[in-house]
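To start, the structure itself, in structure tokens.
What follows draws every value from the coordinates through simple rules; no lab data is involved. Everything quoted here is computed from the prediction, not taken from an experiment. Cβ: placed from backbone, ideal geometry, glycine included. Neighbour counts: every protein chain shown.
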Amino acid sequence: MPQQIIMQKSDIAAVISKLTEEVLQNHPQVNELAIVGVRKRGDILAERVAKKIKSITKIGLPVGILDISFYRDDIGVNPQKGIVQKTDMNFDVTNKIIILVDDVLFTGRSARAAIDAIIDFGRPKQIQLLVLIDRGHREFPFYADYIGKKIDTKINDKILVKLKEIDGVDEVLIETE
């Protein structure tokens, strides 16, 4: 299937900066925030956002990592490939404003699973969704509060986010039939 690069390293860095600025504009009381990333690439993006916030505010925020495998509604129908990884939430989410970070927002099912997982750790004051890419085609009524780039896709297209920590390169590709 043909692939086209839609974002490169500099684009991703610029989007992280833009999203971080938006979060800080909406939440000047930074100490109320916690950043939570969805494995496998949302966690890396969450670390990047937290690092950028710290470089601007000099405040280190709690960062959590969620593996949503057991919260997915297709666990018996479409088993996840690979090994279930550790969830790492070493802070109390109660009364925190959670910035939930994922790489791609598609149907909304992963966002729902991630919210269910967070709720198991306590009762946050608020949960906001930050995504690198919003590609449309919702099945659940979830919309991101912070969107890096909105891309119109066909239902069978694939968005491939590659990050240097996993893939050795920062880029976003669209794969079409």
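So here's what we get for this one:
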read-out: Residue-averaged 222 nm ellipticity for the chain, from DSSP H runs of 4+ at -39500 (n - 2.57), nearest 500; value: -8500 deg cm²/dmol
read-out: DSSP-loop trypsin sites (Lys or Arg not before Pro) across the stretch 80-177, with at most 10 other Cβ within 10 angstrom; value: LYS81, LYS86
read-out: Extension gain (nm, one decimal) between LYS40 and GLU21, 0.36 nm per residue minus Cα-Cα; value: 4.5 nm
read-out: Cβ-based exposure ranking for ASP116, ASP134, in which fewest neighbours within 10 Å come first; value: ASP116, ASP134
read-out: Antiparallel bridges, percent of DSSP beta bridges restricted to the chain (to nearest 5); value: 35
read-out: Long-range Cα-Cα pairs in the stretch 1-154 (distance over 20 Å), rounded percent; value: 48
read-out: Pairwise label distance in nanometres, MET1 with ASN156, each label 7 Å out on the Cα-Cβ vector; value: 0.9
read-out: Straight-distance crosslink candidates among aspartates and glutamates, where the alpha carbon sits under 19 Å from LYS154 and sequence neighbours closer than 8 are dropped; value: ASP103, ASP134, GLU139, GLU175, GLU177
read-out: Flagged links, alpha-carbon separation over 19 Å, of LYS18/LYS150; LYS96/LYS164; LYS18/LYS96; LYS86/LYS149; LYS58/LYS125; value: LYS96/LYS164; LYS18/LYS96; LYS86/LYS149; LYS58/LYS125
read-out: Kyte-Doolittle at least -0.5, axis length at least 24 Å by Cα - qualifying DSSP helices, the chain; value: 9-26
read-out: Two-site FRET efficiency, ASP116 against SER55, from Cβ-Cβ distance with R₀ of 30 Å, rounded to 0.05; value: 0.40
read-out: Difference of contour (0.36 nm per residue) and Cα-Cα distance, ASN90 to ASP167; value: 25.1 nm
read-out: Chain lengthening between GLU32 and GLU177 when straightened (0.36 nm per residue, less Cα-Cα); value: 47.8 nm
read-out: Residue order, fewest to most beta carbons within 10 Å, for LEU66, LEU61, LEU132; value: LEU61, LEU132, LEU66
